[in-house]
1. Given the -39500 (n - 2.57) contribution per DSSP H run of 4+ residues, what per-residue ellipticity at 222 nm results for the chain, rounded to the nearest 500 deg cm²/dmol?
2. Longer than 28 Å from Cα to Cα, which of Lys428/Lys449; Lys292/Lys372; Lys82/Lys372; Lys22/Lys449 are they? Say none if no pair is.
3. Restricting to DSSP loop positions (anything but H, G, I, E, B) with no more than 10 other Cβ atoms inside 10 Å of their own Cβ, which trypsin sites (Lys or Arg not before Pro) remain in the range 94-133?
4. Give the separation of the Cα centroids, the range 537-557 to the range 313-334, in Å.
5. Counting only protein heavy atoms and using a 1.4 Å probe, what share of the accessible area of the chain belongs to carbon plus sulfur, as a whole percent?
6. How big is the Rg/Rh ratio for the range 221-348, C-alpha atoms only, Rh by Kirkwood, two decimals?
7. Using DSSP to define loop residues, name the GluC sites (Glu not before Pro) in the range 369-426 whose beta-carbon has at most 11 other beta-carbon atoms within 10 Å.
8. Are there GluC sites (Glu not before Pro) in the range 126-194 that DSSP puts in a loop and that have at most 15 other Cβ atoms within 10 Å, and which ones?
Amino acid sequence: MLSAATMRAADPPVGRKELIMKALEAMAEILKREGVEYLFCYPTTDLIDAVADVGIRPIVCRQERVGLGMADGLSRASNGSKIGVFAMQAGPGAENAFAGVTTAYADSSPLLVLPSGYPRDREGWPRYFTAERGYRNVTKWLETVNVPEQTEDAMRRAFSRLRNGRPGPVMVELPTDVAELDIGETGYEPVTSTRTLADPRDVERAARALANANAPVILAGQGVLWAGATDEVVELAEMLGAPVAATLLGKSAFPETHPLSIGTASTSTTPMVRSFLDKADVILAVGASLAKHQMNLPLPEGRTIIQLTNDEADLNRNYAAAHPLLADARLGMRQLIDAVRDAGGTNASRRSAVEAEIVSAYNTWVDAWRGKIESQDTPINPYRVVWELNRVIPADEAIVTHDSGSPRDQMVPFYRSAGPRSYIGWGKSHALGTGLGFAMGAKLAEPDKVCINWMGDAAFGMTGLDFETAVRNGIPIVTMVSNNSTMAIETRRLVGSHEKYGTRDVGGNYADLARSLGGWAERVEDPEEVGPAILRARRATEDGQAALLEFITSAETALNR
């Protein structure tokens, strides 16, 4: 029997019937045909060697959750043009990967997960963890290949679900005994994606509501990013003279450098978001689920809501939609633009007035926070770090992400993204340390961008050793660690236990650790050195080094609520 490597040498055209191969070799070949460039993984799985034989680069992480974060970051930063794939062993590997899969599921991110499965003769054994049973509620689609002939169809179904409809993680489990069986011939061809338009009558009614609105507001969700609908949102906003907010997941879907941007409608937000939403009579939510969640800013009651989404489960989920539109965000927005124009909805005078109001409110807000964002105090105020980052690195040259807790809440209001995927926002229900994997995946998707993640010292304790994964694999990212030697976000909790036992205290010299792992690193204690240090870290990445900046920061607890 010829190996996958031998068959590749013959270089058969796509669609041509091939010689017999094993199920594992077929899976690797299918990944290659679907354009997969990297397999993020943690041993042991025989798929690692199989993909290497067909020219896919395996990237081994230190723990499964970070590897899944890398795959997830690749999918997000490439906007789904490259699908992140992660493989792990049966049992412990599948168990350890759970948090990374739930992150992708909560955020509707397309991710292909390929766990090995126990041999079929162990099926149903008590206390054996199997992916098919364990992941059923946190995947968009999941199946086990029970016979080798199912491999091609299972992978086709998987990629079809990855490329169509609402994104989400998809899992195909391949038992180790099935992996070694022959499948016969295969003629796999890559799947295509399809998009849908909204009902024209629904569009006309929604357009009339927008055209007649006195104070419309647009809320851009992550669906705008996946659909590539930023230009359409900008066009409609300028036509209506409507301010635009983004959801946390949708941050960067509308350029925050645009004069109609009012910021992110999360729990840590800007006063412009609250002010314009309170005054709104019509709210157009594009690519947003409008789910009530602790990370989402609640919408005011009594407003007319137009909701454009590609998932019927989102419609009327937590808010009554007067005008529900079921469609792809870009195609649906193009329909709305044409219909609003026909309805006479262009309003240049309102646009001028709204832009002036946004500038005035922004300047007033920044002035009120200037004592923190330009603070000369030591330890360094973390808001100074955010402000300097936005000042010294042009946002259109970067992909920036945060971690859970304080870095997220401090960065989201003040960091101004420059357009689609210049920022990866997240944080609904995810574990500390997720941003590190995101940044590595983003760098592989966009090697010309400076990719930055900001994490706290508690988050570094969760996943920080995977900085070595960036070093070992030549992935030159910038990791910024806010070291305040405490869990500042828990200030209102753990009071008595902290006084008695120091339960909030954490510590370490993370720059020294990063250097010992082979990376470039610097410890920064002077607030005047924050900006220059960020530029030095960028230059290190341009020289091919993974860089870590350890900022000695204060236990800041003030938030934009």
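The values are calculated or read from the model by the stated rules, or taken from the named source; none is laboratory data. Just so it is clear, the structure is predicted and the values come from calculations on it, not from any experiment. Counting neighbours? That spans all protein chains shown, and the Cβs are built from the backbone with ideal geometry, glycine included. Note: accessible area is taken over every heavy atom of the protein model, side chains too, but ligands, DNA and RNA are not part of it. Shrake-Rupley method; radii C 1.70, N 1.55, O 1.52, S 1.80 Å.
1. Details: 23 runs with 224 residues, N = 561.
Roughly -11500 deg cm²/dmol at 222 nm, from the helical runs in the chain.
2. Details: Lys428/Lys449 26 Å; Lys292/Lys372 31 Å; Lys82/Lys372 39 Å; Lys22/Lys449 39 Å.
The answer is Lys292/Lys372; Lys82/Lys372; Lys22/Lys449.
3. On the way: sites: Arg120, Arg122, Arg127, Arg133; in loops: Arg127.
Those that pass, being in a loop and sparsely packed, are Arg127.
4. 41
5. Working: 10410 of 21500 Å².
Solvent-exposed carbon and sulfur of the chain make up 48 percent of the total.
6. Numbers: Rg = 13.3 Å, Rh = 14.5 Å.
So for the range 221-348, dividing Rg by the Kirkwood Rh gives 0.92.
7. On the way: sites: Glu374, Glu388, Glu397; in loops: Glu374.
Sparse-neighbourhood loop GluC sites (Glu not before Pro): none present.
8. Details: sites: Glu132, Glu143, Glu149, Glu152, Glu173, Glu180, Glu185; in loops: Glu180, Glu185.
Those that pass, being in a loop and sparsely packed, are Glu180, Glu185.
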